[in-house]
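Asker: Can you read through this structure? Questions will come right after.
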Amino acid sequence: MSTSPLTPKIEKSTIVYSGYYDVRVDILSLPNIDPISYTTLLAAEEAAVVIAETEEGLLVINKEYRHPSGLWLYGLPGGRVDRGELPLMTAQRELREETGFEAASWQHIGTAFPMPAVCGQKIHYYLAKGARLISSTQKEPLELITTLLMEKEQLLADIHQGTPTDGVLLAGLTFRSLHP
């Protein structure tokens, strides 16, 4: 990573909470200003999500309870990249575990930083075509997920009408639109 004169210098860094996610407070300095405290959420460095499409062109969408929002949100299957795992492997594993689907073909369609103001996590987006149900799900205890098969037009109409939606899904739809 390159630095410039405007890149803050980290004077001190402290983990103030350690759990599923860690929270770090950095003391940053820039020329001509007093040091500033900056809080960062330390999530997994990388994650992978999947836009899966069936042979019939239906999208495999999760409707998942997300506790911080207190809402059931439309989202995409996905999760954090485990140590030693490639993002593609994560995407394939998460699709199978959360939905019971596997896909015939896979393509990396983009990478984004979803919350760069509070977290440095990078998300890899994959398009999975030819998805088909092959097994039951293997969700973690707090993965409260219902899998939906939706036409793209219906998903977009629901989003337009205000159905609560995870921002990761919105980025995924944008990346999908760039790969016809």
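Asker: If you take the residues of the stretch 121-153 that are surrounded by fewer than 15 Cβ atoms within 10 Å (Cβ to Cβ) and in contact with a Phe, Trp or Tyr (Cβ under 6 Å, 6 or more places away or on another chain), which of them is farthest from Ala52 (Cα to Cα)?
Answerer: Once the filter is applied, the top-ranked residue is Leu144.
Asker: Could you list all residues from the stretch 82-136 that are in a loop (DSSP other than H, G, I, E, B) and among the aromatic types (Phe, Trp, Tyr)?
Answerer: Phe113
Asker: Name every residue in the stretch 7-45 that is aliphatic (A, V, I, L, M) and more than 21 Å from Pro114 (Cα to Cα), in order of residue number.
Answerer: If the condition is that a residue be aliphatic (A, V, I, L, M) and more than 21 Å from Pro114 (Cα to Cα), then Ile10, Ile15, Val16, Ile27, Leu28, Leu30, Ile33, Ile36 are the ones that fit.
Asker: Considering only residues that are in contact (Cβ under 8 Å) with a residue 24 or more places away in the chain and either outside any strand (DSSP E or B) or aromatic (Phe, Trp, Tyr) (or both), which ones fall in the stretch 68-81?
Answerer: If the condition is that a residue be in contact (Cβ under 8 Å) with a residue 24 or more places away in the chain and either outside any strand (DSSP E or B) or aromatic (Phe, Trp, Tyr) (or both), then Ser69, Trp72, Tyr74, Leu76, Pro77, Val81 are the ones that fit.
Asker: Tell me which residues, restricted to the stretch 86-120, are under 30 Å from Arg24 (Cα atoms), surrounded by 15 or more Cβ atoms within 10 Å (Cβ to Cβ) and out of contact with any Pro (no Cβ under 6 Å at 6 or more places or on another chain).
Answerer: Pro87, Leu88, Thr90, Ala91, Arg93, Gly110, Ala112, Pro114, Cys119
Asker: Within the stretch 154-161, is there a residue that is buried (at least 16 other Cβ atoms within 10 Å of the Cβ), at pLDDT 95 or above, of a type in the set (A, V, I, L, M, F, W, C) and outside any strand (DSSP E or B)?
Answerer: Looking for residues that are buried (at least 16 other Cβ atoms within 10 Å of the Cβ), at pLDDT 95 or above, of a type in the set (A, V, I, L, M, F, W, C) and outside any strand (DSSP E or B), one finds at least one in the stretch 154-161, hence yes.
Asker: Within the stretch 54-67, work out how many residues are in a strand (DSSP E or B), more than 21 Å from Thr163 (Cα to Cα) and among the charged types (D, E, K, R).
Answerer: Final tally of qualifying residues: 0.
Asker: Looking at Pro31, is it more than 29 Å from Leu149 (Cα to Cα) and touching a residue at least 24 places away in the same chain (Cβ under 8 Å)?
Answerer: When the stated conditions are applied, Pro31 passes them.
The values are calculated or read from the model by the stated rules, or taken from the named source; none is laboratory data. This one's a predicted model, so the numbers in the text were calculated from it and none came from an experiment. Cβ sites come from the backbone with ideal geometry, for glycine too, and all protein chains shown count toward neighbours.
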